[in-house]
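Step one of this worksheet: look at the structure below.
FYI, it's all coordinate maths here, none of it is from the lab. Just so we're clear, the structure is a prediction, and the values are computed from it rather than from any experiment. As a convention, Cβ positions derive from the backbone with ideal geometry for all residues, glycine included, and neighbour counts pool all protein chains shown.
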Amino acid sequence: MKRKLIEKALAVMKKGGADFAELFLEKRTSNSMEMNNGKLEQVNSGLIHGVGLRGIAGKKAIYAYTNDLSEDAVLNASKRIAQAIEADGKDDVEMNLTKSKMGNLSPILLLPDKIKKEEKYHVMKLANEGAVSYSKQISEVRINYFDYRQNIVIANSDGLLTEDERIRTRLMVFAVATKGSEKETGFVGPGAGMGFEFFNTFDVKESGKEAARIAVKMINAEFAPAGKMPVIISNKFGGVIFHEACGHALEATSVAKGASVFADKLGQQIANECVSAVDDATIPNAWGSANIDDEGTPTQRNLLIENGILKSYLIDKLGGIRMNMQSTGSGRRQNYTFAPTSRMSNTFILPGNFLPEEIIANTPKALYAKKMGGGSVNPSTGEFNFSVREGYLIENGKIAKPVRGATLIGKGFEILNKIDMVGNDLARDEGMCGSLSGSIPADVGQPTIRVSELLVGGRN
């Protein structure tokens with residue numbers, strides 16, 4: 001899109017009464033492949049190309065988008081926004097865009113869209129072999145490969161004109177173990193903000209074996225007991241609890257409306273003093289990283305909690321206007337059809353001083369959640385419910401028998417205060433996060449932690 005058209009579109013919204021006008025132009029190519037039980041069943045390629053426009057007047061925002069990039073279509077979308085704003089217009093508006101170039105935090109060695117499908121198939125085949133060879137109890141294996149290359153241009157009425165490229169690659173392995181009429185699923189889903197070189201950073205076949213190991217371990221496990229008890233949550237994807245139960249409640253999307261349990265609590269103690277947490281979109285090649293957010297603001301490392309004290313929220317531009325605070329580079333969206341909102345990127349609890357073995361040894365009886373599954377949360381109340389994908393009972397300070405079917409139930413602000421031991425084994429894992437601005441890549445993580453008491457759903 002030519003700069004002249006971009007400037008015209010922004011000027012139309014400003015003349016229509018917008019205090020702030022923005023344009024988000026996107027082109028994205030994606031590739032995906034699906035294999036079921038060793039047979040390649042789907043190979044898809046996609047292209048997304050369009051523009052989203054937003055006008056903000058006071059604390060109100062109007063958004064429109066189109067995949068027609070002709071001058072008439074783009075200016076028509078701008079006019080519709082101006083009409084919807086219903087504010088006093090401005091007679092003389094002049095756009096002076098200054099192009100800025102950001103440094104690249106995530107260098108790419110092998111562009112995925114330049115890699116032959118045969119090479120991607122080979123990666124999937126290795127993962128499938130790893131899962132199938134693990135045990136005769138594995139009855140089904142599904143492998144999904146995915147990559148995309150996203151190019152964006154962002155311009156706004158503050159004079160910003162910038163661009164970015166994001167490349168992400170991921171492999172997902174689902175292994176199903178069967179015992180009689182019962183089934184259990186193991187899952188591993190490594191991903192990164194990298195090109196095809198990502199598959200040289202880990203053993204693909206071992207990923208398949210790990211998914212199968214979880215499934216087999218759980219199909220042969222007893223059902224977890226129910227009741228209140230200490231819970232030790234392992235590192236990596238265990239951080240999904242902080243992400244869901246606490247992270248969403250720190251986003252301006254809910255904080256600005258007062259619909260968060262953490263609204264108006266900056267500087268207050270909201271967690272045990274052993275808990276510190278960050279959201280950091282600047283980690284090179286991480287799954288949730290980017291050079292700039294989807295509003296053109298440079299990303300940064302945001303210290304959310306320090307020694308139990310709430311230090312910062314995650315703020316986008318509109319949230320910042322409503323809260324009278326600066327953006328933290330947290331405005332994100334799935335694609336141009338979504339208006340940006342405040343979102344997490346790579347969010348994790350910082351490491352503490354204990355070895356994981358020490359935490360287990362100091363806990364006479366507990367549930368050990370080694371692998372977490374999915375869950376849900378209400379940001380306004382902090383109430384959450386999460387499944388445990390792989391669990392064990394701890395007895396006399398040692399990991400005892402495996403258990404399945406456990407769920408963790410509680411409130412985010414309560415669990416933060418009940419974390420009483422934090423390990424030194426910080427690790428992160430990849431997932432997709434859904435919210436008002438769509439589904440986006442998000443990294444979660446933590447060291448091993450102990451929650452002194454948590455309600456466990458199971459079978460008595």
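For the range 67-198, take N as its residue count and report Rg(C-alpha) divided by 2.2 N^0.38 Å. Please list the in-between numbers first.
Details: Rg = 24.0 Å, N = 132, 2.2 N^0.38 = 14.1 Å.
The reported ratio for this selection is 1.71.
Rounded to the nearest 0.05, what FRET efficiency do K8 and M102 give with R0 = 30 Å and r taken as the Cβ-Cβ distance? Could you check? Numbers along the way, then the final one.
Details: r = 25 Å, r/R0 = 0.84.
For K8 and M102, the calculated efficiency is 0.75.
Mean separation of Cα pairs under 8 Å and 6+ residues apart, divided by the residue count of the chain: what relative contact order is that in percent?
Working: 1297 pairs, mean separation 73.9, N = 460.
16 percent.
Assuming R0 = 30 Å, can you tell me the calculated FRET efficiency for the pair E358 and K179, based on Cβ-Cβ distance, to the nearest 0.05?
Values: r = 35 Å, r/R0 = 1.17.
Approximately 0.30, to the nearest 0.05.
Extension gain E94-K117, at 0.36 nm per residue separation less the Cα-Cα distance, in nm?
On the way: separation 23, 0.36 × 23 = 8.28 nm, distance 4.85 nm.
Stretched fully, the E94-K117 segment lengthens by 3.4 nm.
Rank T299, I394, L318 by how far each Cα sits towards the positive end of the charge dipole of the range 297-436 (+1 on Lys, Arg Cβ; -1 on Asp, Glu Cβ) and give me just the farthest.
With unit charges placed on the Cβ atoms, the residue in question is L318.
Pull up all non-local amide H partners of I292: gap of 5 or more, or a different chain, and H-to-H distance under 5 Å with H placed in the peptide plane.
T299
Using the number of other C-beta atoms within 10 angstrom as an exposure proxy, rank F24, F187, F223 with the fewest first. Please report the intermediate quantities before stating the final value.
Details: F24 26, F187 19, F223 12.
Fewest to most other Cβ atoms nearby, the residues stand as F223, F187, F24.
Binned at 10 Å from 0, what are the whole-percent values of the Cα-Cα distance distribution for the chain, short to long?
4, 19, 27, 25, 16, 7, 2, 0
Under a crude label model (7 Å from the Cα following the beta-carbon direction), how far is E86 from L47 in nanometres?
That separation, rounded to one decimal, is 4.1 nm.
Can you give me the long-range amide H partners of M194? Hydrogens built in the peptide plane at 1.01 Å from N, cutoff under 5 Å, separation of 5 or more residues or another chain.
Under 5 Å from the amide H of M194 lie the amide H atoms of T169, each far enough along the sequence or on another chain.
Sort H243, H49 so that the residue with the fewest other Cβ atoms within 10 Å of its own Cβ comes first and the one with the most comes last.
Numbers: H243 25, H49 13.
So the ranking, lowest neighbour count to highest, is H49, H243.
Per 0.36 nm of contour for each residue apart, how much would the distance between M1 and E71 grow if the chain were fully extended, relative to their Cα-Cα spacing?
Values: separation 70, 0.36 × 70 = 25.20 nm, distance 0.91 nm.
Separation in residues times 0.36 nm, less the Cα-Cα distance, equals 24.3 nm.
Plugging the Kirkwood radius over Cα pairs into Stokes-Einstein for the range 227-457, at a temperature of 10 °C and a viscosity of 1.306 mPa s, what D comes out in µm²/s? Each step should come with its number before you reach the end.
Working: Rh = 17.5 Å.
Taking Rh from Cα pairs, D becomes 91 µm²/s.
Given the rule -39500 (n - 2.57) for each run of at least 4 DSSP H residues, summed and divided by the residues of the chain, what is its mean residue ellipticity at 222 nm, to the nearest 500 deg cm²/dmol? Can you show the working numbers first?
Numbers: 8 runs with 84 residues, N = 460.
Value at 222 nm, helices only: -5500 deg cm²/dmol.
Given contacts defined as C-alpha pairs under 8 Å and at least six residues apart, what's the relative contact order of the range 227-457, whole-number percent?
Details: 663 pairs, mean separation 70.3, N = 231.
So the answer I get is 30 percent.
Using 0.36 nm per residue of separation minus the Cα-Cα distance, give me the extension gain between E273 and K257 in nm, one decimal. Walk me through the intermediate numbers first.
Values: separation 16, 0.36 × 16 = 5.76 nm, distance 2.76 nm.
Length difference between fully extended and current span is 3.0 nm.
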